[in-house]
Each structure stands twice: as structure tokens, then as C-alpha cells.
1. Does residue 269 satisfy the condition of being touching a helix residue (DSSP H, G or I) at 6+ places or on another chain (Cβ under 8 Å) and outside the structural domain of residue 130 (by TED's automatic domain parsing)?
2. Is it fair to say residue 144 is within 30 Å of residue 108 (Cβ to Cβ), modelled with pLDDT of 95 or more and assigned by TED's automatic domain parsing to the domain that holds residue 259?
3. Out of everything in the range 112-137 that is over 17 Å from the mean Cα position of the chain (by Cα), over 17 Å from residue 10 (Cβ atoms) and free of Cβ contacts under 8 Å to residues at least 60 places away in the same chain, what residue ends up being surrounded by the most Cβ atoms within 10 Å (Cβ to Cβ)?
4. Say we look at the range 162-173 and pick out the residues that are out of contact with any helix residue (DSSP H, G or I) (no Cβ under 6 Å at 6 or more places or on another chain) and crowded, with 20+ Cβ neighbours inside 10 Å; which of these is farthest from residue 133 (Cα to Cα)?
5. For the range 258-267, what are the residues that are at pLDDT 95 or above and under 24 Å from residue 209 (Cβ atoms)?
6. Which condition breaks for residue 281 when tested against (1) within 30 Å of residue 208 (Cα to Cα); (2) at pLDDT 95 or above; (3) surrounded by fewer than 19 Cβ atoms within 10 Å (Cβ to Cβ)?
């Protein structure tokens with residue numbers, strides 16, 4: 001999908017942003033710059049501790065796709081972090097605790113007080129999966145998605161999908177319809193929001209899809225391992241992207257084909273796992 005001139009905004013419950021907190025920021029920039037062709041912009045002024053580097057397609061916030069920041073070990077193993085948009089981060093954090101989750105760090109303002117990027121809380125669901133709740137300020141979220149070199153989906157992988165929905169349903173308004181791409185969580189009305197803002201052609205482009213598909217926000221998959229987010233990036237050609245990733249020091253963990261995608265799971269040189277996903281629609285779709 002090409003980016004629109006209208007800013008992309010995210011209603012309550014929609015995954016909105018991703019970032020990575022590696023031990024070596026410069027090494028991460030070198031790897032992801034080679035892999036996706038990203039342009040990087042330092043967002044913290046000189047003299048301020050740490051680094052926060054925003055990745056974009058053309059060096060502007062209008063094409064922002066992700067961020068790479070100074071390593072913060074609070075969330076455990078290195079992984080791409082998924083941010084979940086909320087209308088009120090304090091209220092959402094309180095709801096996390098009521099639903100059996102854990103608030104790892106309480107809501108805090110991110111960025112300068114006079115022009116905050118947003119307010120964030122680090123949380124874990126009842127199965128231990130870490131996420132960030134994000135009440136947007138100037139940082140609205142990823143501005144280009146689903147296009148090659150950008151974030152595609154964060155897939156919620158869980159040993160107990162029903163228990164996960166018992167948490168994310170009340171917290172984020174997620175719904176799952178068995179007849180709608182089984183396992184695809186949706187936020188009702190999200191498609192209409194996109195059609196009225198940053199993606200006016202979404203319903204025409206998804207004319208082949210069942211009703212409600214435009215509201216999809218996150219696949220939910222069952223797996224016996226620990227609960228985790230699998231963060232997928234769109235690529236033009238999976239095999240070509242894999243070759244670039246390997247040349248830049250990544251390890252290929254698996255390759256798979258589905259009726260709609262050709263995927264490769266890779267581990268970057270510092271240990272973060274990501275999925276490279278090439279859209280490959282069946283004939284006639």
C-alpha cells in the first residue's frame with residue numbers, strides 16, 4: 001500500500017508502532033538499512049542520554065515505519081516490541097491489572113513535555129507476553145505499512161487463544177469471527193476509519209475479501225511455546241530479501257508458503273527474530 005497524504009491514525013485497540021532496543025544501535029541500523037533501505041533520523045538532542053532513532057522510507061515522519069532505541073533490558077530477551085493504541089493509557093493500564101495482566105512500568109510521558117510524542121506503559125498479559133500501550137501525541141504510529149520494507153503484521157502467538165482473547169477482548173475491543181479468516185482479531189469499524197482517513201481505497205482493494213476483513217488488526221495463532229509477538233515485514237521478493245539478510249549477518253530459521261504469502265523467519269545478528277513476508281495471492285484473488 002502506498003502512503004497517503006493524510007496522516008495514518010490508529011483507533012483504540014489497533015497495533016500502531018514497533019521498535020527494537022538492541023545492545024548495539026549502530027549495528028542494528030546497518031543491518032536494517034541494508035535489508036529494507038530505511039533512512040534513519042536521530043530524535044534525541046545532543047547531550048541527552050540514550051538514543052531514539054526513527055526509521056522511515058524518505059527521512060521524514062510522513063513515512064515513518066519503526067524505531068531503534070538504546071537497549072532497555074526490562075522486557076527480557078531482545079525482540080521487536082509491538083505498541084497497542086489506546087485512547088487513555090492510564091485507564092488501559094488499570095484495566096490490564098483488572099484482567100490479570102501486569103503493568104511493568106506505569107504510564108509515562110515520552111518526549112519533550114511541551115510536545116510529547118505520547119504516553120506509554122509497558123505491560124504483560126496473563127501469559128507473560130510483553131507489549132506497550134501507546135496513547136499518541138505527536139508520534140501517531142507507523143505511517144506506511146504493508147508496502148515492501150515496512151511493517152506488515154504483529155502476529156499474536158499463544159498457547160491458549162481463548163485465554164488471550166479473554167484479555168485482549170475487554171482491553172482492546174478485539175473480536176474474532178470463526179467465519180472470517182479464523183484466528184484474525186478485528187476492531188469493528190477500523191476499516192471505515194481507514195477509508196475515511198489514510199486509506200480511502202481499502203474497500204475497493206479488498207473487494208475479494210469477506211465482510212469485516214478490513215477491520216482485521218492482528219492474526220492470533222496457537223503454538224505450544226511461550227506467548228510472543230511474531231513481527232512480520234513486507235518484502236517484494238522473499239528469496240532476495242533472505243539473501244540480503246544472510247549477507248548482512250542474519251540466520252534463516254525457516255521458510256514457509258501459505259496460500260497468500262511466502263515467508264521466511266530470520267534472526268538478526270543481535271538475536272531479534274522477524275518474519276520476511278512476500279504477498280502472493282492465489283490466481284483470481
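1. Against the criterion (touching a helix residue (DSSP H, G or I) at 6+ places or on another chain (Cβ under 8 Å) and outside the structural domain of residue 130 (by TED's automatic domain parsing)), residue 269 qualifies.
2. no
3. Looking at the filtered set, the residue picked out is 126.
4. Among those residues, the one meeting the criterion is 164.
5. Keep residues of the range 258-267 that are at pLDDT 95 or above, which gives 262-267.
Listed by number, the residues that qualify are 262, 263.
6. Residue 281 satisfies every listed condition except (2).
The values are calculated or read from the model by the stated rules, or taken from the named source; none is laboratory data. Nothing here was measured: the structure is a model prediction, and the numbers come from that model. Cβ coordinates were reconstructed from backbone atoms using ideal geometry, including for glycine residues, and neighbour counts include every protein chain displayed.
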